[in-house]
Every structure is written in structure tokens, then in C-alpha cells.
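What follows is a single structure, written as C-alpha cells, with notes after it.
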Amino acid sequence: MPTYGMMVYFFIDENAAYFTPPKLRYTLYAMTFVFTFLMPALNVLFLLRYKFIGSLHMIAKEERRIPFLITAIFFFAQIYLLRDVNIPSAIKLLMLAATLALVLTIIINWFWKISAHMVGAGGLCGAVFICQYAMHQNYLWLLSLLFLLSGLVAMARLKITNHTIAQLCGGYLLGFASNLVFLF
């Protein structure tokens, strides 16, 4: 989701897209993809291979602890690497919001299983909402599309019975609200 968020940000903020060279944007996309998806996914496969987790579904909340912690390390590494890069501060704030959502997911997951998929979906919707508010633009069409896609993700999670409605709604609200912290 952070990769999508970054792409959406440069799509809706024409000034940021104009003043950020294409090569730097593509490097940011690739770096974000590697640190927030590829490396965590490879680590999950490693954990599966060596029986630290029972399946890719990680149905029990206890199985999710190590993969989430490893993912958090990669998110923090991304933030660290972005600290001195000359990019719009909004990109850094959106990455901080995603990391905050992940850390809160780890804490909540210790006591109650929450939907990480919906945390990501809510985070993306929250990021677009914040950008819309900050730029005084109307991206209702994009928010509507993202809300619809979030609903489809939630339906899929319910269909495979990995989560309850409360876990899905809690995840979505957590992801969305994590962005609101940086509004003020």
C-alpha cells in the first residue's frame, strides 16, 4: 500500500510530480516496493520455510508477531533512508503514517487479531483524504474508488473466514486514523 500511496500522491499533486525528476520518482517507487513489500514478503517465505509460521495465512495472531516486527524494521529503514532525500515532506509524512499504523497493528495484534489488509486499505484512503484536504482539492471520485476496493478486500477476507467484521472495521479505522495524526 505505501507504494500505491506514493504513486497516488504524485498523481494528485501535480507540483510535486513536476518538481520531482522522473528518475527520482521511479527510484522512490522501487525503493518503497522493495522495503514495504518485497523484503517483508521474502521474510515471510523464509519464516514459512523454517517453520516459524504454519502457513502464509497466519491465522493465529501469535504467528503474525515476528512477520509484523520484521516488516516494521523495513518500514523504519525506509524512513531512515528517506530522511536526507530532497522529496516533498508529504511523502515522508505518509511513510511515517504507514509506519505508525504498522506499529499500532503490532501492539493491537498482541491482544486482538486485527486485519492488516484493512489497515493498509484504510491507510491508503486516509492518505488520499489528507492530501485532498491539504491541497484543497476534490478527489471524491478517487476516494469512492478506493472505498469500493477496500470493501472488496473486506468481502474477500470475510469470505475466506480469516477475520470478523469487527477485525476488518478496526483495521480500516486504524489505517485511516493513522493519517489523521499528521493533519494537525
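The values are calculated or read from the model by the stated rules, or taken from the named source; none is laboratory data. Note that the structure is predicted; figures quoted are calculated from it, not measured. All Cβ positions, even for glycine, are placed from backbone atoms using ideal geometry, and neighbour counts span all protein chains on display.
Residues checked against (1) aliphatic (A, V, I, L, M); (2) at negative phi; (3) not in a helix (DSSP H, G or I):
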| position | (1), (2), (3) |
| --- | --- |
| L28 | yes, yes, no |
| M31 | yes, yes, no |
| F37 | no, yes, no |
| N43 | no, yes, no |
| I53 | yes, yes, yes |
| A77 | yes, yes, no |
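H136 passes every criterion in (1) surrounded by 13 or more Cβ atoms within 10 Å (Cβ to Cβ); (2) more than 23 Å from L69 (Cα to Cα) apart from (1).
For the range 41-55, the criterion of being closer than 25 Å to T164 by Cβ, of a type outside the set (G, A, S) and loosely packed, with under 15 Cβ neighbours inside 10 Å is satisfied by no residue at all. The residue of the range 100-128 that is surrounded by the fewest Cβ atoms within 10 Å (Cβ to Cβ), among those that are assigned to a helix (DSSP H, G or I) and among the aromatic types (F, W, Y), is F111.
Only residues that are within 14 Å of G123 (Cα to Cα) and either modelled with pLDDT under 95 or crowded, with 21+ Cβ neighbours inside 10 Å (or both) were counted in the range 155-176, giving 7. Count of the range 31-53 residues, restricted to those that are within 17 Å of L102 (Cβ to Cβ) and either in contact with a His (Cβ under 7 Å, 6 or more places away or on another chain) or of a type in the set (V, I, T) (or both), is 4.
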